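Visitor: Have a look at this one before I ask anything.
Every read-out reported here was derived from the displayed coordinates using simple, explicitly stated rules and does not represent laboratory data. On a predicted model such as this, the values are computed, not experimentally measured, just so you know. Ideal geometry is used to build each Cβ from the backbone, glycine not excepted, and the neighbour counts take in all protein chains shown.
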Amino acid sequence: MRQVGSSETNPPPLEVHDLTVAYQKKPVLYGVDLIVPQGAMVGIVGPNGAGKSTLIKAVMGLLPLSSGWVKIFGRSYRESCQRVGYVPQRESVDWDFPINVMEVVLMGRYGRLRLGQRPGKRDREVAAECLDKVKMLPFAKRQIGNLSGGQQQRVFLARALAQESDLYLMDEPFLGVDAATEAAIVEILRELRRQGKTLMVVHHDLPSAREYFDHLLLLNMRLVAFGRTEEIFTPENLQTTYGGRLTILSEVVRVLSTQSENR
Amino acid sequence: MKRKTIKWGFLVGLLLVLPNLAGAARISELAEEDLINQVGRFFSLSDPTLRLALLGTILLGVSCGIMGVFLVIRRLALMGDALSHAVLPGITLGFLWNMRKDPVAIFFCATAVGLLGAAVVQWLRQTTKHKEDAALGFVLASFFGVGICLLTMVQNLPGGSKSGLDKFLFGQAAAMGVRDVWLLGVVTMLTLVAVFAFFKELRITSFDPGFARAIGLPVQVFHYGLMLLLAFAIVSALQAVGVVLVTAMLVIPAAAAVLLTDRLGWMLVWAAGLGALTGVVGAFFSFVGRNLPTGPFMVLAAGLVFALALFFGPRHGILARWWAHRSRRALVRQENTLKALYHVLESEDFRRDVVTREELAQRRRETLEEINAEVKKLSRNGMVTTFRDGISFTPQGWQRACEIVRNHRLWELYLTNAAHLAPDHVHDDAEQIEHVLGEEVVRQLERRLNFAKRDPHGKLIPGLEDIRQWRGTGWNTGRRAVGYGQGER
């Protein structure tokens, strides 16, 4: 087990500098600077359309950046993608797809395999362990379409666990799950933090965010505040985050993105 | 819907304008011969042209079936349609290359033009407001229109061997030469090898492209690779099934396979098999029938295969679903009769244990005949014992009846307490739910309701105690102790 926040010489798990993202003429993120310390469990909080998912996707290079750069453990995302685990939003996939639970979790191992290489015995063992951690092992052979929303979310979490990464990016893992599943997921996230992993979790519920996360990232198109929960969770910060959009900023970014499209 | 209409307009127009093209295509140029003779010739495989045509249609069935599965699961079925129509200008360009029907030249020109069509679709999507459907509609129609113009112009050119070029519209398996079949063989092998080698990558990029990119897979490369294989499959199949209908060979066997299995691997196997079968059946009909092109027959055969899968599919088939529905309804009926037996006993505080058939019929509001039939079934399933004058529970039947009554009353209580519905609104809902609640949910409900004893109408809810208690006692002793609620009071 690694020491939480050990030596200062290690590059931080995530460093973001002047990140701006604009797509489909909608302003999304503007000039975000961020250094996430190792072992932090960060809740990304903000109103709808604040760019929470966009931040995560931009960090992973799934969206084109208008400006700025991202470093994961001091390298580009491409170089250290093996060290990043990802839980996408549940709605992002087709749950009628012909695939069963075990096969989805095994996808977490694909990053370690060569092109065309099939998962081996060790990969299956890891996948089974991860399914067990989220209490979904009895469903291993189940078609994913036959799962409830909470079970689907657990399968996605198990897949991320199977990646055995150092930095986890999770997009709304608590959306549409029942209270029991939410508690189970929180317990797993805490266990990951105890192992020295860094977590960035998009979350929609403010009161529980304060309880779950030791760091908060308040977002509303730009970074409002980032730091330890007890320092950040102030009425002023929350007012700035949730107190309406910055209309001029929105307009300027929209014009910018239109221009870049016409270029 | 609208696009479909446009498409049919196309077909009808084509048939009007180019009747000679449609009419001239046939699989065998034999003189008048009777039907039986022709069938015999088909199965004896004595005709070398037929052997070649059969091999070709089997190969194209396999390659189109496999590519079709990826189109269907990626929701790209219309892409196949657009791509196949877009290749038509390429075919004539391939012909113009050296003024003869050279399969290889046609293959490369058609593939290039098809990929150009796919690129135009992509470009329209990215640079305009249009979504994929409008872009596909535009590419399909405009490329096809250009193709028809070119084709007609080439037909009117002097010189060159143009025979067979018109067959590309509706297909003619018998026009396939050795080189055509070789081409099909190479494409099918390439498809099989690529899908086998990159099965895992093709699956993850189809299912969750975002995650695939996040773990560093070149998702775009796989997408375009798949499109290239698709173009290969389409172009190599054109001679046999034609530009207009090749999409059916892509989509229909794959759609049938989706109905037959939930596993991607088996889906590919099924689609390949059904595609090959479709090819053979299509070749058979067009060999036996006269003056008719191969393509439509293959599509008819594919439609037949799809209909079979739709009706007789093991899990999603109409027959299987109808059967499951029927069995469920029969079970619900039986359980309702059990419940009625319980209610009759309950109304007299469980002072007796035998109920007459008349009482039961009255409670169920059914005729005596209907009740007799139900009781016979229940007794066969070991739920009740019948006497000359009446019916009583077996231990098994008592347990099930208690469970159903408990489920019903728990659910009513849950709806009134937790969902705040009025007590007179909850009965019908509970009538449905009582038959499907699992034990795990029942435990949760009990905990949630603090192990309540009475339902919203004041009736006692049988507990685990009551259900189990009966089993220990003999049927003819301790009758009053059998009644539910006794153990808890």
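Visitor: Rounded to the nearest 0.05, what FRET efficiency do residue B:351 and residue B:396 give with R0 = 25 Å and r taken as the Cβ-Cβ distance? Could you check?
Guide: Details: r = 22 Å, r/R0 = 0.90.
Calculated transfer efficiency: 0.65.
Visitor: Assuming a ≥ b ≥ c are the square roots of the Cα gyration tensor eigenvalues, decide whether the range A:62-106 counts as rounded (a/c under 1.5), prolate (otherwise, with a/b larger than b/c) or oblate. Could the numbers behind the result be given before it?
Guide: Working: a/c = 4.03, a/b = 1.89, b/c = 2.13.
Oblate, because a/c is 1.5 or more while a/b does not exceed b/c.
Visitor: Can you give the charge dipole size of the protein assembly as shown about its Cα centre, rounded to the nearest 20 debye, using +1 on the beta carbon of Lys and Arg and -1 on the beta carbon of Asp and Glu?
Guide: Working: 86 positive and 69 negative charges, 184 e Å.
For this selection, approximately 880 debye.
Visitor: Antiparallel as a % of all DSSP beta bridges within chain A, to the nearest 5? Write out the running numbers ahead of the final one.
Guide: Values: 20 of 36 bridges.
Once the DSSP bridges in chain A are tallied, antiparallel ones form about 55 percent.
Visitor: Using alpha-carbon pairs under 8 Å, 6+ residues apart, how would you state the relative contact order of chain A in percent?
Guide: Numbers: 477 pairs, mean separation 74.2, N = 263.
Normalised by residue count, the contact order of chain A is 28 percent.
Visitor: Consider a paramagnetic label point 7 Å from the Cα of residue A:115 along Cα→Cβ; state which residues of the range B:198-217 have an amide N under 17 Å from it.
Guide: B:198-206, B:212-217
Visitor: Taking the Cα-to-Cβ direction at residue B:440 and at residue A:96 and moving 7 Å from each Cα, how far apart do the two end points lie in nm?
Guide: For residue B:440 paired with residue A:96, the spin-label model returns 2.6 nm.
Visitor: Using only atoms on other chains, find how many Cβ atoms lie within 10 Å of each Cβ of peptide A:90-98 and report the average. Let's see the in-between values first.
Guide: Values: counts 0, 0, 4, 6, 6, 1, 3, 8, 16.
Rounded to a whole number, the mean comes out at 5.
Visitor: Using the membrane-span-like helix rule (whole DSSP H runs, Cα extent along the own axis of at least 15 Å, mean Kyte-Doolittle hydropathy at least 0.0), which helices of chain B qualify?
Guide: On the way: long enough: B:2-17 (22 Å, 0.77); B:48-73 (38 Å, 1.99); B:88-98 (17 Å, 1.02); B:103-127 (35 Å, 1.34); B:132-156 (36 Å, 1.35); B:178-197 (28 Å, 1.90); B:219-241 (33 Å, 1.84); B:246-260 (22 Å, 2.47); B:264-288 (35 Å, 1.77); B:294-312 (27 Å, 2.15); B:318-347 (43 Å, -0.44); B:368-380 (18 Å, -0.69); B:395-417 (32 Å, -0.83).
For chain B, where a helix must reach 15 Å along its axis and average at least 0.0, the hits are B:2-17, B:48-73, B:88-98, B:103-127, B:132-156, B:178-197, B:219-241, B:246-260, B:264-288, B:294-312.
Visitor: Sticking with this structure for a sec: What number, rounded to the nearest 500 deg cm²/dmol, is the helix-based mean residue ellipticity at 222 nm of the protein assembly as shown, given -39500 (n - 2.57) per DSSP H run of at least four residues and division by all its residues?
Guide: Working: 33 runs with 446 residues, N = 752.
Helix contribution divided over all residues of the protein assembly as shown: -19000 deg cm²/dmol.
Visitor: Report the percentage of all Cα-Cα pairs in chain B whose separation exceeds 28 Å, rounded to a whole percent. Display every interim value, and only then the final one.
Guide: Values: 76348 of 119316 pairs.
Here the long-distance tail beyond 28 Å is 64 percent of all Cα pairs in chain B.
Visitor: How many angstrom lie between the C-alpha centres of the range B:213-262 and the range B:60-120?
Guide: 11
Visitor: Here is a follow-up. Per residue and in Å³, how big is the convex hull formed by the alpha-carbon atoms of the range B:23-313?
Guide: 133
Visitor: While we're looking at this one, here's another question. State, to one decimal in nm², a quarter of the convex hull surface area for the C-alpha atoms of the protein assembly as shown, i.e. the direction-averaged projected area. List each step's numbers first, then the result.
Guide: Details: hull surface 180.1 nm².
Projected area, direction-averaged: 45.0 nm².
Visitor: Of the DSSP beta bridges with both residues in the protein assembly as shown, give the percent that are antiparallel, rounding to the nearest 5.
Guide: Numbers: 25 of 41 bridges.
Counting only bridges with both partners in the protein assembly as shown, antiparallel ones make up about 60 percent.
Visitor: Using the crude model of +1 on Lys and Arg Cβ and -1 on Asp and Glu Cβ, and no other charge, please compute the dipole size for the range B:219-349 relative to its Cα centre, in debye to 20.
Guide: Working: 9 positive and 5 negative charges, 69 e Å.
Using Cβ point charges on Lys, Arg, Asp and Glu, the range B:219-349 gives about 340 debye.
Visitor: For q = 0.09, 0.14, 0.16 Å⁻¹, what log10 I(q)/I(0) does the range B:326-443 give under the Debye formula with an equal point scatterer on each alpha carbon and no solvent?
Guide: Log10 I(q)/I(0), no solvent term: -0.25, -0.60, -0.77.
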